[in-house]
Amino acid sequence: MDWLKKKGLEYRDGVLYFANMNTIEIAENFGTPIYIISEEIVRKRYKELKNILDSEYGNNSIHFAMKANSNLSILKILESEGANFDCTSTGEIYACLKVGIPPSKIIYTGNMFTNNDFEFAVKNDILVNLDSISQLKRLAKIYDDLGKEKNTISFRINPEFGAGHHSHTITAGKTIKFGILDNQVLEAYSKAKGVGFKKFGAHIHIGSGIINAGDFEKAIDKYLIIIMKLADTLDIAFEFLDFGGGLGIPYRPEEDPLDLEFYKTIVLKKFKELVKKGNFEGTKFIIEPGRYLSAEASIILTQVNTIKDNGFKLFAGIDAGFNTLIRPTMYGAYHHIITCNKKDKDETLTYDVVGPICESGDIIGKERELSKLEEGDFLAILDTGAYGFTMSSSYNSRPRSAEILIAQGQIFKIRKAETFEDLTANQEIPKHLK
Ligand code: LLP
């Protein structure tokens, strides 16, 4: 089955292997629920995407949107491949700097920036991608107050055509909070020139989980028209144009993957046409995928603790809930679930695979046909490497899971599971309650 193989999964004698490791042994040795990441798959996805870009336009860079997966080892793996980084908060910038990623490799695309955010960025020489004209004055003042030279500035442009797997992940459109609409773009850049910025970039990100490359087309067309207008009217040379992330992955076995060649035609070839037309010779082409690079590189291993037949429905109760993986509950997202053993068992049954959280919305997989399960069996939840651990919580006072990395046939513990002590560590009881 190619679909599983591409994600590093295969059955050997009825047992599921991930990145050439026996999942049952991992579950028994390390406990469940647990996130497992394959270093090889992260590297493969990066190389695959980078080769596509390189084949068309050399002056490009991939900025990993680390909101998808902010584990320090993932940052190091991608940095070693040559990746740059897209950060959405000062906390994310902190993590990059902590592992030695140079500031020049980071773009800070936040939104609703505070002065403290700006101060942190400017002090650390991080390029800021502004989200509102109103923020410009405050940022310029912070540069001045800190005596730092105003070099490059970028704005997030909202091209009004958005796309994504769920309404919460569509990030362009007139009623959406992100970016600057067409009618304010000239004002933004001329004001930026006015306050002393010398170099310019521009950015769009239209949404997340886009599996049909055609969905980018209208937004890209509009973006490039805006950029031409800006370059002509304000005599601006762009250091870079950032086309955002959003590249989807096939979560379902029957889904076709994103057609990277088509994506290249829609996005990169149109950019190249722009380069030919105007003053864009030195302009760098940037994209900032998160999901595409990390989602398929990880699975969650979980154990079935309860099989409940209530007379109407069959439930498989597992130890991973929406505290572990919130995407199914939050977006109705589909994550494929497979058994770690029992591959070839004939009898299958249809289960709602549910977690231990005290809410009826804690359903990881609805009406899934699986080999007949017993309490104690292990399951794998697939494609959890993006917006999996980063969105997990300790709701219901359930400590967050551990993460392990598989690299070259070895297992590395890259994050300890939280403990009960961790859950209460930051709290203080006032005297009168003691
Ligand atoms: N750039 C910006 C400015 C973004 O806001 C995002 C994602 C990305 C890049 C990366 O998008 P990607 O390539 O991963 O689609 N929690 C949701 C996804 C939210 C995405 C937010 N922004 C989910 O689990 O589907």
**Q.** Top-ranked residue of the stretch 297-322 - restricted to ones that are in contact with a helix residue (DSSP H, G or I) (Cβ under 7 Å, 6 or more places away or on another chain) and open to solvent by 10 Å² or more (accessible area, probe 1.4 Å), ranked as farthest from GLY31 (Cα to Cα)
**A.** PHE322
(Q) So the check is Cβ under 7 Å with 6+ separation or different chains; which pairs have a first residue in the stretch 78-94 that's surrounded by fewer than 20 Cβ atoms within 10 Å (Cβ to Cβ) and a second one that's outside any helix (DSSP H, G or I) and charged (D, E, K, R)? (A) THR88/LYS67
Q) Would it be correct to say that GLY100 is of a type outside the set (Asp, Glu), open to solvent by 30 Å² or more (accessible area, probe 1.4 Å) and not in a helix (DSSP H, G or I)? A) yes
Q. Within 16 Å of the ligand (Cβ to nearest atom) and either among the polar types (S, T, N, Q) or in contact with a Leu (Cβ under 6 Å, 6 or more places away or on another chain) (or both), is that true of SER80?
A. no
Q: Quick one: ASP256 ticks every box in (1) open to solvent by 60 Å² or more (accessible area, probe 1.4 Å); (2) under 21 Å from the mean Cα position of the chain (by Cα); (3) under 22 Å from ILE106 (Cβ atoms); (4) of a type outside the set (A, V, I, L, M) except a single one, so which number is it?
A: (3)
Q | Verdict on PHE285 being open to solvent by less than 10 Å² (accessible area, probe 1.4 Å), in contact with a strand residue (DSSP E or B) (Cβ under 7 Å, 6 or more places away or on another chain), assigned to a loop (DSSP other than H, G, I, E, B) and not polar (S, T, N, Q) | A | no
Q: Looking for whichever is assigned to a loop (DSSP other than H, G, I, E, B) and loosely packed, with under 15 Cβ neighbours inside 10 Å here; the options are GLY196, GLY214, GLY245. Which one fits?
A: GLY196
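Name the strands (runs of 3 or more DSSP E) wholly inside the stretch 341-428 in which the number of residues that are in contact with a Cys (Cβ under 9 Å, 6 or more places away or on another chain) and crowded, with 19+ Cβ neighbours inside 10 Å is 3 or more. Can you show your working first?
Numbers: elements: 348-354, 363-371, 378-381, 402-407, 410-415.
Filter on the stretch 341-428 gives 378-381.
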Q: Could you please give the count of residues in the stretch 141-166 that are open to solvent by 10 Å² or more (accessible area, probe 1.4 Å), in contact (Cβ under 8 Å) with a residue 12 or more places away in the chain and either among the β-branched types (Val, Ile, Thr) or away from the ligand (no atom under 13 Å from the Cβ) (or both)?
A: 9
Q.
Being buried (at least 20 other Cβ atoms within 10 Å of the Cβ), touching a Lys or Arg at 6+ places or on another chain (Cβ under 8 Å), aliphatic (A, V, I, L, M) and not in a strand (DSSP E or B) narrows it down to one residue among LEU325, LEU293; which is it?
A. LEU293
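For every residue, the table says whether it meets (1) aliphatic (A, V, I, L, M); (2) at pLDDT below 95; (3) in the same structural domain as ARG398 (by TED's automatic domain parsing); (4) open to solvent by less than 10 Å² (accessible area, probe 1.4 Å).
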{"residue": "MET21", "(1), (2), (3), (4)": "yes, no, yes, no"}
{"residue": "ALA27", "(1), (2), (3), (4)": "yes, no, yes, yes"}
{"residue": "PHE30", "(1), (2), (3), (4)": "no, no, yes, no"}
{"residue": "PRO33", "(1), (2), (3), (4)": "no, no, yes, no"}
{"residue": "LYS50", "(1), (2), (3), (4)": "no, no, no, no"}
{"residue": "LEU53", "(1), (2), (3), (4)": "yes, no, no, yes"}
{"residue": "ASN59", "(1), (2), (3), (4)": "no, no, no, no"}
{"residue": "ALA68", "(1), (2), (3), (4)": "yes, no, no, yes"}
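The values are calculated or read from the model by the stated rules, or taken from the named source; none is laboratory data. Given the structure is predicted, the values throughout are model-derived calculations rather than measurements. Reconstructed Cβ throughout: ideal geometry from the backbone, glycine too, with neighbour counts over all protein chains shown. Heads up: the accessible areas ignore ligands, DNA and RNA and are worked out on the full protein's heavy atoms, side chains in. Shrake-Rupley method; radii C 1.70, N 1.55, O 1.52, S 1.80 Å.
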